[in-house]
Amino acid sequence: MQSHIELLNDDVIHPEAGRTAGSQSGRSEPDDLMDAYSRAVITAAEKVSPSVVYIEVHHAIRSGSGSTSRTPEEARGSGSGFIFTPDGFILTNSHVVRGAKRIEVTLSDSRECQADLVGDDPDTDLAVVRINAPNLAPAHLGSAQEIRVGQLVVAIGNPYGFQYSVTAGVVSALGRSLRAQSGRLMDAVIQTDAALNPGNSGGPLVNSRGEVVGVNTAMILPAQGICFATSIDTAKFVASRLIRDGRVSRSYIGLAGQNVPLPRRIVRYYNLAVESGILVVSFEESSPARNAGLLMGDVIVGLDDHPVAGIDDLHKLLTEERIGRKSTLAVIRRTDKLDLEVIPEESRSRTGK
């Protein structure tokens, strides 16, 4: 017992004694692990921070009917974004810049630039703006296919106006779905516990190599450590369409519906792959759905060879490729199953089905 106590005391008084069995620097293993973690976060932050921008938006607001002021009133908002091309294209969130009459961007070197809105897509909550400035540092875009649950990620942004704040965490889950403000369901969303706050929206979520793997989008306010980012693979597709066309084209058939369960006997009789469908409750005038012969009260259960259990399933199927292409709707009308031909058109609104 005496020798054991002396050994412990010797370790305290002479930390050099542990060097032969541990690290040559005399640091404990937890210290080395913390240093490795710190180095990964520092490396990622230093690599990406020059690409991160602070976005301030100005919205015109209507004056009250009794107001005598001749100067238009403004509301301001702010968010984050990141440069992803050398010629000044910046990715951010749609909800950050949509409807803004003026967009101002502050770079990491404090340069201030006016930005033009290239396009936005509320269905994925993504937008692209552009600035005209020299010597820009674009971020390197990674691949969401390489992300793993538990992987270290770093979020960089401007929460509450505190510019270039860095938080770190891990990927908590992959393949989440999140409801966009337009009503559509966003798929392949990344869940992380890297802390996000208002103002982080549009900033990059990066891996330890400094590659952008997501665009920070939302947090659940009552919760702790439940935050979401749009997959960078989705962002690449949307950004390319916004740069090319200024919008993301999707097809629609022009109806309003609600999810309803199907009677069990109908499911069994027709051997349906789903136990619910979309009850048609109204149409847009001269819509593809009305022209196809759909009636109010019909229940949609399929499109072409794909089962449709609800509105989200139909949204996923109404892609750009179906515009102007004849498709087949599987419909339950009372107790009959019908196949109706429909030709989807390009969506006239951001929330059409």
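The values are calculated or read from the model by the stated rules, or taken from the named source; none is laboratory data. Keep in mind that what you see is a predicted model, and the values were worked out from it rather than measured. Heads up, the Cβs are rebuilt from the backbone with ideal geometry, glycines too, and the neighbour counts pull from every protein chain shown. For the accessible areas, the whole protein counts, side chains as well, though only heavy atoms, and no ligand, DNA or RNA atoms are used. Shrake-Rupley method; radii C 1.70, N 1.55, O 1.52, S 1.80 Å.
Checked against the criterion of being farther than 30 Å from Leu136 by Cβ, loosely packed, with under 12 Cβ neighbours inside 10 Å and either modelled with pLDDT under 95 or aromatic (Phe, Trp, Tyr) (or both), segment 41-63 contains one or more residues that satisfy it. In the condition set (1) more than 28 Å from the chain's Cα centre (by Cα); (2) exposed (fewer than 13 other Cβ atoms within 10 Å of the Cβ); (3) within 23 Å of Arg179 (Cα to Cα), Glu275 is compliant with all but (2). Contact map, segment 228-257: first residue within 18 Å of Pro344 (Cα to Cα), second residue among the polar types (S, T, N, Q) and crowded, with 16+ Cβ neighbours inside 10 Å, Cβ cut-off under 6 Å, separation 6 or more or different chains; pairs are Arg250/Ser347; Tyr252/Ser347; Gly254/Ser287. Please determine whether any residue of segment 280-297 is over 25 Å from Ser182 (Cα atoms) and open to solvent by less than 30 Å² (accessible area, probe 1.4 Å). Looking through segment 280-297, at least one residue is over 25 Å from Ser182 (Cα atoms) and open to solvent by less than 30 Å² (accessible area, probe 1.4 Å). Residues in segment 305-318 that are open to solvent by 50 Å² or more (accessible area, probe 1.4 Å) and not in a helix (DSSP H, G or I) were compared, and the one that is nearest to Glu341 (Cα to Cα) is Asp305. Restricting attention to segment 137-193, the residues that are acidic (Asp, Glu), more than 21 Å from Val238 (Cα to Cα) and touching a residue at least 40 places away in the same chain (Cβ under 8 Å) total 0.
Counting only strands (runs of 3 or more DSSP E) wholly contained in segment 196-269, the ones carrying 2 or more residues that are within 15 Å of the chain's Cα centre (by Cα) occupy 204-206, 211-219, 227-231. Among the residues of segment 105-131, the ones that are touching a Gly at 6+ places or on another chain (Cβ under 6 Å) and either open to solvent by 20 Å² or more (accessible area, probe 1.4 Å) or free of Cβ contacts under 8 Å to residues at least 12 places away in the same chain (or both) come to 1 in all.
Looking at segment 124-138, which of its residues are in contact with a Leu (Cβ under 9 Å, 6 or more places away or on another chain) and closer than 9 Å to Ser94 by Cα? Passing the criteria: Asp125, Leu126, Ala127, Val128. Here Ile300 qualifies as crowded, with 16+ Cβ neighbours inside 10 Å and of a type outside the set (Ser, Thr, Tyr). I'm checking my understanding of the structure. Among residues of segment 139-154 that are over 13 Å from Val53 (Cα atoms) and open to solvent by less than 30 Å² (accessible area, probe 1.4 Å), which one is nearest to the chain's Cα centre (by Cα)? The extreme case among them is Ala144.
For Ala100, which of the numbered conditions (1) of a type outside the set (Asp, Glu); (2) modelled with pLDDT under 95; (3) part of a strand (DSSP E or B) fails to hold? It fails just one condition, (3).
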